[in-house]
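Peer 1: Attaching a single structure in structure tokens format; questions to follow.
The values are calculated or read from the model by the stated rules, or taken from the named source; none is laboratory data. What you see is a predicted model; the values in this text were computed from it and never measured. Positions of Cβ are generated from backbone atoms using ideal geometry, with glycine treated the same way; all protein chains shown enter the neighbour counts.
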Amino acid sequence: MKNNKINHKPQESMLKRTNRLWTLVAVAALMTAGLTSCLKKGDNAPAKPYAVLALLNAAVHPGSVDVYQNSKKITTGAFASGKYALLQIDPGTQEFGFRKFGSDSTLDSDLALYDTLAWHTLVLYNNYSPGSTDSSVQLANLIENYTGIETTKANIRFFHLSPDAGIVRFFVNDVEVHANRTYADFVGSSSYRSYTAANTGAIKFEARAADGTTVIASKTDQVANGNVYTIYLSGLVNIAGTDPRKVALSVYWHNPYYLN
């Protein structure tokens with residue numbers, strides 16, 4: 001892979017370039033991280049094989065991180081808590097590590113084999129259990145299974161990644177889709193990593209407390225036929241509203257551009 005980097009400019013959607021570019025997807029209106037990875041060529045040369053990796057930072061302690069690929073830093077700014085990014089990487093064995101932003105303190109790393117037939121989602125989150133003081137960083141490397149994806153509907157799933165939100169109930173357009181979801185339950189449950197068909201257009205997503213009425217966070221977003229989305233709750237409920245780690249509901253789009 002070429003040793004290229006970009007300085008990220010805030011955008012609200014996918015930042016695409018051509019001629020072997022680098023890409024970063026932001027799920028918030030403002031994004032301060034820059035991640036580097038090879039994209040498709042825009043010329044007539046044979047397309048170079050690549051693997052797809054999504055990075056999702058749901059860690060709230062410490063929050064912002066630096067990302068390393070094979071011990072080389074690939075961020076040019078803070079990769080903030082609650083954000084995700086899509087990368088195209090060379091196939092083969094790759095190690096991705098995370099360090100506290102601006103520090104040499106390694107939080108965790110993952111060594112895995114990436115090939116052109118698999119889409120990986122690497123989730124960074126904190127260890128959490130009620131009454132425990134352990135908030136160490138954990139990594140989950142999920143190999144996506146797109147078997148059975150609906151082409152005439154949108155395809156969605158929900159990840160609960162807010163450590164202090166308690167039991168969460170997930171609603172789509174005021175219809176309950178999931179009840180009694182617990183923190184990071186998808187890590188050990190393949191059923192929670194699968195997708196549910198949903199109507200397209202502007203859809204209201206809500207994460208509610210166990211009582212089914214108290215809204216923890218909500219988001220309205222456009223979803224399209226045949227596309228795949230992970231709606232994830234991240235951040236802290238019990239923190240000041242001005243803190244960037246405040247709880248929020250976000251949409252991670254599994255952009256089909258990367259599957260072509």
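Peer 1: Given (1) assigned to a strand (DSSP E or B); (2) surrounded by fewer than 12 Cβ atoms within 10 Å (Cβ to Cβ); (3) not aromatic (Phe, Trp, Tyr), where does residue 211 come up short, assuming only one miss?
Peer 2: Going through (1) assigned to a strand (DSSP E or B); (2) surrounded by fewer than 12 Cβ atoms within 10 Å (Cβ to Cβ); (3) not aromatic (Phe, Trp, Tyr) one by one, residue 211 breaks only (1).
Peer 1: Next question. Need at least 1 residues that are closer than 23 Å to residue 229 by Cα and either of a type in the set (Phe, Trp, Tyr) or free of Cβ contacts under 8 Å to residues at least 40 places away in the same chain (or both) per element, so show me which strands (runs of 3 or more DSSP E) inside segment 45-90 make the cut, counting only ones lying wholly within it.
Peer 2: Output list reads 84-89.
Peer 1: Kindly establish whether residue 141 is surrounded by fewer than 16 Cβ atoms within 10 Å (Cβ to Cβ) and either more than 20 Å from the chain's Cα centre (by Cα) or closer than 18 Å to residue 251 by Cα (or both). Walk me through it before giving the result.
Peer 2: Working: surrounded by fewer than 16 Cβ atoms within 10 Å (Cβ to Cβ): yes; either more than 20 Å from the chain's Cα centre (by Cα) or closer than 18 Å to residue 251 by Cα (or both): no.
Here the answer is no, as residue 141 does not meet what is asked.
Peer 1: Considering each residue of segment 138-150, count those that are at pLDDT below 95 and of a type in the set (Val, Ile, Thr), and give that number.
Peer 2: Number satisfying all stated conditions: 2.
Peer 1: Counting just the residues of segment 167-200 that are within 21 Å of residue 138 (Cβ to Cβ) and of a type in the set (A, V, I, L, M, F, W, C), which one comes out surrounded by the fewest Cβ atoms within 10 Å (Cβ to Cβ)?
Peer 2: Checking each candidate, the answer is 167.
Peer 1: Another one. Within segment 97-119, can you find the residues that are free of Cβ contacts under 8 Å to residues at least 40 places away in the same chain and in a strand (DSSP E or B)?
Peer 2: Within segment 97-119, 97, 99, 100, 106, 108, 110, 111, 112, 113 qualify.
Peer 1: What number of residues in segment 168-182 are touching a His at 6+ places or on another chain (Cβ under 7 Å) and either within 16 Å of residue 230 (Cβ to Cβ) or in a strand (DSSP E or B) (or both)?
Peer 2: Of the residues in that region, 4 qualify.
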